[in-house]
1. How much accessible surface does residue 342 have with a 1.4 Å probe, in Å² rounded to 10?
2. Long-range amide H contacts for residue 140: which residues qualify at under 5 Å (H placed 1.01 Å from N, peptide plane, sequence gap of 5 or more or a different chain)?
3. Leaving ligands, DNA and RNA out of it, report the carbon-plus-sulfur percent of the accessible area of segment 92-204 at a 1.4 Å probe.
4. Relative contact order (percent) for segment 104-196, with alpha-carbon contacts under 8 angstrom and 6 or more residues of separation?
5. With a/c under 1.5 counting as rounded, go ahead and sort segment 92-204 into rounded, prolate or oblate using the C-alpha gyration tensor (a ≥ b ≥ c being the square roots of the eigenvalues; past the cut-off, prolate if a/b is larger than b/c, else oblate).
6. Calculate, in nm to one decimal, what residue 148 and residue 57 gain on full extension: separation in residues at 0.36 nm each, minus their alpha carbon distance.
7. Is the C-alpha gyration tensor of segment 212-347 telling us rounded, prolate or oblate? Criteria: a/c under 1.5 is rounded; beyond that, a/b larger than b/c is prolate, otherwise oblate.
8. Skip the ligands, DNA and RNA, and give the accessible area per residue of segment 161-275 with a 1.4 Å probe, whole Å².
Amino acid sequence: MAQSLGEDLVQDDSSSLGSDSELSGQGPYRQADRYGFIGGSSAEPGPGHPPADLIRQREMKWVEMTSHWEKTMSRRYKKVKMQCRKGIPSALRARCWPLLCGAHVYQENNPDTYQELAKAPGDPQWMETISRDLHRQFPLHEMFVSPQGHGQQGLLQVLKAYTLYRPEQGYCQAQGPVAAVLLMHLPPEEAFWCLVQICELYLPGYYGPHMESVRLDAEVFMALLRRLLPRVHKHLQQVGVGPLLYLPEWFLCLFARSLPFPTVLRVWDAFLSEGVKVLFRVGLTLVRLALGTAEQRLACPGLLETLGALRAIPPAQLQEEVFMSQVHSVALSEQDLQREIKAQLAQLPESTSGPPPRPKARLAGAQAIFEAQQLARARGGTRPEVPRIVVQPPDEPRPPRRKPQTRGKTFHGFLTWSKGPPLTGPPRSHRSSTSFSDTRF
């Protein structure tokens, strides 16, 4: 299955709006846009882009939050989440992404690991496959134009290091665009540890040889479609478009090959903050934009037309501000997602080849990763552990406490009964004019 999905990712490079399909012109030496794409259309901010003053304010907020990161995550994570939804300023993504995914902790705890992996010779089988794929990753980005440039060579080292770090998983072709986006913002060592976090904590079971979690999430996605977009789900069933025909490219590549690059970055900001729930929300939004109306479904009577519609959403509808506001309005909470995962996991056939999915190994975003790392540090370990809630059995029922019988007893008498001889003092009348300060108890 992994091989077939990998071949599907190779066949159509034009689906990557973040790479060559966004570029115009024949000359290889055209001016690069603000994201580094040669001849790209993102030289100037698009409509709805926040003004410069607002960007500076957001930058100052992020500088303040990242300067006291542990305190911020412990007490003000809601503010972090809201700022991620607004978009991390481009100048600070290199600082924020490793903090959000917890890669900085891994790098601090393993200071020499990446250098040792980068110097070690790679497995010839994986090295040959990785080398063949290098030129496919954003071919007209200024970092990856030259085979001998620092972009392709850095990508080779990062992917080789991961195959040595996790030899049982090896290399998955979809890791190429993910690592390439990381390298556009981070040095190779930080990009490597971010890739480790994505593969092992955000999307475990996605990039291994069996891709067991991809199959599970495909069933979850169809179940969510059935609940949230029932007419679209019925149309997909009628024309025979299953989720494995379009979902792997979206989820495995984190939409790096399917959306305009500014929107890709906004999706990543939210994904690193809130986890895989964001990928489901983005996928549901794309399906609704492509097939949400009756006219759109009538124009797609067959399988090919439907797949074409999913890949040909007008770019104006994918503009970052407009699109992300729709993504965050999708009625899908983390509890809804976990409930559906549990339901679909119970329905998976036992005869399925490969290991079963492990959804409990997936952490729900930056806050869960931070808490797991704090727990691991408290226990003296370096790897984050999934927090476990231990429920103690109830104790034996105790008899209810009996209220003391004080009926008919004065406060003075109660003290006498409970503590000894009565207090002495002058007699008091019920209608005495003695002030409160002279009253004795």
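The values are calculated or read from the model by the stated rules, or taken from the named source; none is laboratory data. Here the structure is a predicted model, which is why all the values come from computation and not from measurement. Keep in mind that these areas ignore ligands, DNA and RNA; they rest on the heavy atoms of the full protein, side chains included. Shrake-Rupley method; radii C 1.70, N 1.55, O 1.52, S 1.80 Å.
1. About 150 Å², ignoring ligands and nucleic acids.
2. Excluding prolines and chain starts, which carry no amide H, the hits are 20.
3. Values: 2220 of 4150 Å².
Result for segment 92-204: 54 percent of the exposed heavy-atom area is carbon or sulfur.
4. Numbers: 100 pairs, mean separation 30.2, N = 93.
For segment 104-196, the relative contact order is 33 percent.
5. Here segment 92-204 falls in the oblate category.
6. My answer for the length gained is 28.8 nm.
7. Here segment 212-347 falls in the oblate category.
8. 24 Å²
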